[in-house]
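Only one structure is covered here, and it is reproduced in the block below.
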Amino acid sequence: MMIKLIYFDFNFWRVDILRLCLSYSSIPYELQRIKRQDWKKKKNQFPFGQLPVMQVNNQFFSHTHSLAKFCANQASLYEQDEFKMLIVDQVLDWANEITNHIAPSIRAAMREKNFEKSRELRKEFIKNDLKRWFYYLENLLKRSSENKDFFTDKFGIADITAWRIILWFTSGKLDEIDSSFLNYTPLLKKYYDGISNYEPFTKLKVYKKIVS
Ligand SMILES: N[C@@H](CCC(=O)N[C@@H](CS)C(=O)NCC(=O)O)C(=O)O
């Protein structure tokens, strides 16, 4: 079985969590990049007209949560216990939620080139959602984890996902958002620093590419 991941020609959490997961357990995969300018003519080739897509045995599969579960299972980075699965799935759903909340401000700038609208939407996101959604994640960590190092007390796809989203929001690449918001969730900040220093993860080539 050869896994092929398909995404745009930039790094983003939706595909990075799949790459990190497979790389962590040395599962071979191929990554196909699609140029933004080629997307219009390619979009209809994919089952939901969105990326990421995973191709296995000549079949296409979509939706980040579904793909993450599949890749994590292959990599033994998912859980077997039903209640632990629920914790992991909530982190994946949280990642989708916070992305959906910030997406309008990104779309206004990237697609509509309406920078004024984008700035307004970003301000609203910062006021209403930023701290709130990270606070929700911190609470989930508090409730779920004994050691507070990993969501289910051992490294897995939930940690890869939470780490990747925090990296995105603290990277300085999102206009108006600087990393200081994470000081409001000190447990999450400590958790993030811990994952950023977890050697079996940080030694991966793909990790280094993503943080560079
Ligand atoms: N429900 C999808 C959403 C994926 C999604 O929003 N992909 C964006 C890029 S991050 C996309 O394909 N945008 C191009 C388009 O919708 O035409 C998932 O969970 O993966």
What about residue 172, is it of a type in the set (Gly, Ala, Ser) and at positive phi? yes
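Each row is one residue, and each column tells you yes or no for (1) more than 12 Å from the ligand (Cβ to nearest atom); (2) exposed (fewer than 12 other Cβ atoms within 10 Å of the Cβ); (3) under 23 Å from residue 166 (Cβ atoms).
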residue	(1), (2), (3)
2	yes, yes, no
13	no, no, yes
20	yes, no, yes
24	yes, no, yes
51	no, no, yes
69	no, no, yes
79	yes, no, yes
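Conditions tested, residue by residue: (1) surrounded by 14 or more Cβ atoms within 10 Å (Cβ to Cβ); (2) out of contact with any Phe, Trp or Tyr (no Cβ under 7 Å at 6 or more places or on another chain); (3) modelled with pLDDT of 95 or more; (4) assigned to a loop (DSSP other than H, G, I, E, B).
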site: 155; (1), (2), (3), (4): yes, no, yes, yes
site: 163; (1), (2), (3), (4): yes, no, yes, no
site: 168; (1), (2), (3), (4): yes, no, yes, no
site: 197; (1), (2), (3), (4): no, yes, yes, yes
Do you know which residues across segment 70-83 are under 18 Å from residue 24 (Cβ atoms), in a helix (DSSP H, G or I) and not aromatic (Phe, Trp, Tyr)? 71, 72, 73, 74
Return a yes/no flag: does segment 145-153 have any residue that is modelled with pLDDT of 95 or more, over 19 Å from residue 211 (Cβ atoms) and assigned to a helix (DSSP H, G or I). no
When residue 137 is evaluated against the numbered criteria (1) surrounded by 15 or more Cβ atoms within 10 Å (Cβ to Cβ); (2) within 13 Å of the ligand (Cβ to nearest atom); (3) assigned by TED's automatic domain parsing to the domain that holds residue 169, which criterion, by number, is the only one it fails? (2)
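Kindly indicate the residue of segment 102-125 that is within 13 Å of the ligand (Cβ to nearest atom) and surrounded by fewer than 18 Cβ atoms within 10 Å (Cβ to Cβ) and also nearest to residue 145 (Cα to Cα) among those meeting that condition.
Step one: filter segment 102-125 for residues within 13 Å of the ligand (Cβ to nearest atom), giving 102-104, 106-107, 110-111.
Subsequent filtering for residues that are surrounded by fewer than 18 Cβ atoms within 10 Å (Cβ to Cβ) retains 103-104, 106-107, 110-111.
Details: 103: 29, 104: 32, 106: 33, 107: 35, 110: 38, 111: 40 Å.
Here the answer is 103.
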Which numbered condition in (1) within 15 Å of the ligand (Cβ to nearest atom); (2) within 23 Å of residue 209 (Cα to Cα) is the only one that residue 74 fails? (1)
Going through segment 26-49 in order, the residues found to be within 10 Å of the ligand (Cβ to nearest atom) and part of a strand (DSSP E or B) are 34
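Within segment 71-93, can you find the residues that are on the phi > 0 side of the Ramachandran plot and not small (Gly, Ala, Ser)? Working first, answer last.
Of the residues in segment 71-93, the ones on the phi > 0 side of the Ramachandran plot are 76.
Within segment 71-93, none qualify.
Residues being closer than 18 Å to residue 71 by Cβ and part of a loop (DSSP other than H, G, I, E, B): count how many of those fall in segment 10-25. Write out each step before concluding.
Applying the first criterion (closer than 18 Å to residue 71 by Cβ) to segment 10-25 yields 11-25.
Adding the requirement that they be part of a loop (DSSP other than H, G, I, E, B) leaves 11-12, 25.
Of the residues in that region, 3 qualify.
Looking at segment 176-186, is at least one residue surrounded by fewer than 17 Cβ atoms within 10 Å (Cβ to Cβ), without any contact (Cβ under 8 Å) to a residue 40 or more places away in the chain and among the acidic types (Asp, Glu)? Before the answer, list the steps.
We begin by selecting, within segment 176-186, every residue surrounded by fewer than 17 Cβ atoms within 10 Å (Cβ to Cβ); these are 176, 178-181, 183-184, 186.
Next, from what is left, pick out any that are without any contact (Cβ under 8 Å) to a residue 40 or more places away in the chain: 178-180, 183, 186.
With among the acidic types (Asp, Glu) added as a condition, the list becomes 178.
Yes, segment 176-186 contains a residue that is surrounded by fewer than 17 Cβ atoms within 10 Å (Cβ to Cβ), without any contact (Cβ under 8 Å) to a residue 40 or more places away in the chain and among the acidic types (Asp, Glu).
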Taking the criterion of being part of a loop (DSSP other than H, G, I, E, B) and either over 26 Å from residue 211 (Cβ atoms) or among the aliphatic types (A, V, I, L, M) (or both), would at least one residue in segment 126-138 satisfy it? no
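The values are calculated or read from the model by the stated rules, or taken from the named source; none is laboratory data. For clarity, every value in this text was computed on a predicted model and none was experimentally measured. Neighbour counts are summed over all protein chains in view; Cβ atoms, including those assigned to glycine, are modelled from backbone coordinates with ideal geometry.
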